[in-house]
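So the structure is just underneath, and the comments pick up after that.
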Amino acid sequence: MSAKTRIDEMKTNLTANIGPRELAQILGVKPGTVFSWLSRGVDLPPYTKIEGTTRWRPEIVKKWIEAKEKERKKKNFED
């Protein structure tokens, strides 16, 4: 595989990741809330830093949301 092909694949993968603003939109909160949660260490989906920018893989965010929904349903059932 050529270096150009690898770089093109990396660019494709980078654009597939979502940033804090997109995550905020998915979660239905303001972007400032996500930035605040990041700085305070609030439970968020696992993320990576790419050149200083926080990024999430969409499939990980989806799994995290599904797990949180299951937790909430279980808690509501127990209450």
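Read-outs: derived from the displayed coordinates by stated rules, not from any lab. Since the structure is predicted, the reported quantities are computational estimates derived from the model, not experimental observations. Here the Cβ is made from the backbone with ideal geometry for all residues, glycine too, and neighbour counts use every protein chain on show.
What spacing in nm lies between the two simple spin-label points modelled at Thr33 and Arg21, each 7 Å away from Cα in the Cβ direction?
Label at Thr33, label at Arg21, 1.8 nm between them.
Name the residue farthest towards the positive end of the dipole of segment 18-78 from the options Ile50, Gly19, Leu38, assuming +1 on Cβ of Lys and Arg, -1 on Cβ of Asp and Glu, about the Cα centre.
Highest projection toward the positive end goes to Leu38.
Taking N as the number of residues in segment 18-78, what is its Cα Rg relative to 2.2 N^0.38 Å?
Details: Rg = 12.4 Å, N = 61, 2.2 N^0.38 = 10.5 Å.
Ratio of Cα Rg to 2.2 N^0.38 Å: 1.18.
Go through segment 40-47 residue by residue and turn each phi into a ³J(HN,Hα) via Karplus (6.51, -1.76, 1.60, θ = phi - 60°); whole Hz please, and just put x for glycine and proline.
8, x, 5, 4, 10, x, x, 9
Per 0.36 nm of contour for each residue apart, how much would the distance between Glu51 and Ala67 grow if the chain were fully extended, relative to their Cα-Cα spacing?
Residue separation times 0.36 nm, minus the Cα-Cα distance, leaves 2.9 nm.
Would you pull out the residues with amide H under 5 Å of Ile50's amide H, same chain only if 5 or more places away, H placed 1.01 Å from N?
For Ile50, whose amide H was placed from the backbone, the distant partners under 5 Å are Arg55.
Tell me, what HN-Hα J-couplings in whole Hz come from the Karplus equation 6.51 cos²θ - 1.76 cosθ + 1.60 at θ = phi - 60° for each residue of segment 54-62, using x for Gly and Pro?
With the stated coefficients, segment 54-62 comes to 6, 9, 10, 7, x, 5, 6, 4, 4 Hz.
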